Amino acid sequence: MNKHGGQAIVEVIKKEGVTKIFGVPGESYLNVLDAIYEDSNLSFISARQEGGASFMAEAYAKTTGDVGVCTATRGPGATNLSVGLHTAFQDSTPIVALIGQVEKKFKDREAFQEVEFSSYFSHLCKWAVEISDAKRIPELLHRAFHVARSGRPGPVVVSLPEDMQDEIMSDNSYAPIRVEPNRPNKDSIKRVVEELNHAKHPVIIAGGGIILSKATSNLIQLSEKLNIPVSTAFRRFHAFPNTHSNYIGALGLGARKGLLEYIQKSDLVLALGTKFSQMTTDDYTLIHNESKLIHVDISSDSIGKVYKPHLSIVSDVNEFLNDLNKETVSDEQSNRVKLLEEANKQYADFSTAREVNNKKDGFADMKKVIRDLQTHLPDNAIITSDAGNFFSWISRYYRYGENEIYLGPTSGAMGYGMPSAIGAKIAEPDKTVISISGDGGFMMTVQEFETAVRYNTPIISLVINNNKYGTIRAHQENKFPERVIGTNLTNPNFAKLAINFGGYGIKVDNNEKFLNALKKAMSNDKPTLIEIVVDPKILSANKE
Ligand SMILES: Cc1ncc(C[n+]2csc(CCOP(=O)(O)OP(=O)(O)O)c2C)c(N)n1
């Protein structure tokens, strides 16, 4: 059957299993929008800014484990969209971004809103391709999905010239490309078993590859069998249950010093699905030259990028653990248990908030806020966050259980928390989804609260208000004391703002009020914003 380019694009994304598309409409891709309109199985979530749409798609992808799709119009839309694509790139999240483009016949004249996407996105995406002939839509668009989800997943930009979308085509013989997961060979597994058996002080670093390949239960099995402690990479908290007695803490900003030392002292580091980011490695100081490193990753590009491995294995991490678990027998080295217990005890100590200050007038205590979240959120909650100093309390004190999910930008993008909660809630409408942001970060994508209201998506948004870009203030005070510039903020009345958008809003300035507000928010049928007033003098959990 003949169809126009827009219809052909929608046909492909449906074959790829897409049901939700996040975007801001634009005149450069009306044909695609109209084809979405035609199909009752597709929903278009119309955001208030493309940055918000791309964060929603990114979090939707992380929550569902499949490709997120977002759309934007040419130059201004695409450049707004790019923050979420950069986040997806650093977080290894599969996204296909469909972007309307200038008509082919007008290109290269600096036409209206013209931006050349393959060079603009070259450092932000795995691949940027333009489809200049509608007949190639099935070939190139299926490939875009394949590139996004295969190897180390990431974002792909597909540029769609407006006049190409009017072209008529008929072929629909292409199908999604599926690849069997990479598996390690038997000899490598044998070598890993030998190394693990001989090691006196081994440790595991669990990265995003554990989450992407759904390998947590296999990791638990390995860690229990061999008595090897597990730490998680930066912002990959739920790769391993934090409540497990073999967990020894999270790497990244504010990491426990004892954890860094434990890894530096280890004679064997088994790194699973991590790219050893600057944050995970504490500025590339994490692994000692004398430690043996076994690095397992789906992408050979991640191997040797930071640390030279003793043994490297390019494999799907879950397949690797499956094969490894079949070949390992229980650990006999009693010393490992002692080391593990001590490290877990230190983690438990570090992550337990003791002195909770309930009484301070006019401010809520962040440690108690986290304690209340821990006690009252359901055990399958989804927590999302921005970047900012407020995060240091969550990072240090919150313990993610086996069924909980944390979504946060390893790219450190402010503005991620609330729109990503919308994406996650759309993916998992029956779960409690709660975002945590600072006043600075929340205001970067505040308009998406209206999107949450319009799509009847009852998220809970916590705004930790210190009327500051607190993180930067803390850096300023360190490096240039008494020379404050650009870090003081004033804010709107957040509760009224939320109500004006059509949701619920409340301001709390002590912990009792917070707990009441949280309990109420969990049964609210509309998005709820809770502004939490905190002491602006306390800039970080590790400086209290
Ligand atoms: C999009 C973006 N812009 C700027 C920064 C730099 N930055 C990091 S944290 C921060 C301040 C965050 O302030 P707020 O959200 O209020 O949280 P707080 O640190 O006060 O807890 C800034 C400006 C960033 N990470 N991301």
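Placing +1 on the Cβ of every Lys and Arg and -1 on the Cβ of every Asp and Glu, with no other charges, gives the range 154-258 a dipole of roughly 1140 debye about its Cα centre. Place a label point 7 angstrom from the Cα of Ser118 along the Cα-to-Cβ direction, then list the residues of the range 83-101 whose backbone nitrogen is under 18 Å away. Those under the cut-off are 97-101. Computed from the C-beta positions of Val329 and Glu512, the FRET efficiency with R₀ = 35 Å rounds to 0.10. Once the chain from Glu38 to His310 is taken as fully extended at 0.36 nm per residue, the excess over their C-alpha distance is 92.4 nm. With kT/(6 pi eta Rh) evaluated at 20 °C and eta = 1.002 mPa s, and Rh the Kirkwood radius from Cα pairs, the range 353-485 diffuses with a coefficient of 136 µm²/s according to Stokes-Einstein.
Expressed as a rounded percentage, what relative contact order does the chain have, with Cα pairs under 8 Å and six or more residues apart?
13
For Tyr406, the solvent-accessible surface computed with a 1.4 Å probe is close to 10 Å², ligands and nucleic acids excluded. On the basis of the beta-carbon distance and an R0 of 41 Å, Ser173 and Thr79 show a calculated FRET efficiency of 0.70.
Projecting label points 7 angstrom from Cα along Cα→Cβ for Thr375 and Thr19 puts them 3.8 nm apart. When Lys and Arg each count +1 and Asp and Glu each count -1, what net charge do the other residues less than 10 Å away from Thr445, Cβ to Cβ, add up to? Computed value for this residue: -1. Of all aspartates and glutamates in the structure, the ones whose alpha carbon falls short of 17 Å from that of Lys104, not counting any fewer than 8 places away in one chain, are Glu27, Glu114, Glu116, Glu130, Asp133, Glu162, Asp163, Asp166, Glu167. Helical content of the chain, expressed as a calculated mean residue ellipticity at 222 nm, amounts to -11000 deg cm²/dmol (DSSP H runs of 4 or more residues, -39,500 (n - 2.57) each, divided by residue number, nearest 500). Taken along its three principal axes, the alpha carbon spread of the chain comes to 70, 64, 45 Å, from the longest extent down to the shortest. In order along the range 152-168, the Karplus-derived 3J(HN,Hα) couplings, from 6.51 cos²θ - 1.76 cosθ + 1.60 at θ = phi - 60°, round to 7, x, x, x, 10, 9, 10, 8, 10, x, 4, 6, 4, 5, 8, 5, 9 Hz, and Gly and Pro are given as x.
Under the convention that each Lys and Arg Cβ holds +1 and each Asp and Glu Cβ holds -1, the size of the dipole of the range 398-456 around its Cα centre is about 20 debye. Distance distribution P(r), the range 1-143, all Cα-Cα pairs, bin width 5 angstrom from 0: 2, 10, 20, 25, 23, 14, 5, 1, 0 percent. In a DSSP loop and with at most 13 other Cβ atoms within 10 Å, the GluC sites (Glu not before Pro) in the range 279-337 are Glu290, Glu332.
Using a 1.4 Å probe, what is the accessible area per residue for the range 266-373, in Å²?
Here the per-residue accessible area is 50 Å².
Counting only lysines at least 8 places from Lys479 when in the same chain, those with an alpha carbon closer than 24 Å to its own are Lys257, Lys468, Lys537, Lys543. Taking 27 Å as the limit for the C-alpha separation, the pairs Lys15/Lys105; Lys292/Lys345; Lys265/Lys308 exceed it in the case of Lys15/Lys105.
Calculate what fraction, in whole %, of the accessible area of the range 256-337 sits on carbon and sulfur atoms when a 1.4 Å probe is rolled over the protein chains.
About 45 percent, which is the carbon plus sulfur part of the accessible surface.
Karplus-based coupling profile of the range 101-113, in residue order and whole Hz: 9, 3, 3, 3, 5, 9, 4, 6, 10, 6, 5, 3, 6, with θ = phi - 60° in 6.51 cos²θ - 1.76 cosθ + 1.60 and x standing for Gly or Pro.
Excluding same-chain neighbours fewer than eight residues apart, the lysines reachable from Lys214 by a Cα-Cα span under 16 Å are Lys62.
Quick one: net charge around Asp267, please, counting Lys, Arg +1 and Asp, Glu -1 for every other residue with C-beta under 11 Å from its C-beta.
That works out to +1.
Seen from His198, the other residues with C-beta closer than 14 Å to its C-beta sum to a net charge of 0, counting Lys and Arg as +1 and Asp and Glu as -1.
The values are calculated or read from the model by the stated rules, or taken from the named source; none is laboratory data. None of these values were measured; they are calculated from a predicted model. As a convention, Cβ positions derive from the backbone with ideal geometry for all residues, glycine included, and neighbour counts pool all protein chains shown. Quick note on the areas: whole protein, heavy atoms, side chains included, nothing else; ligands and nucleic acids left out. Shrake-Rupley method; radii C 1.70, N 1.55, O 1.52, S 1.80 Å.
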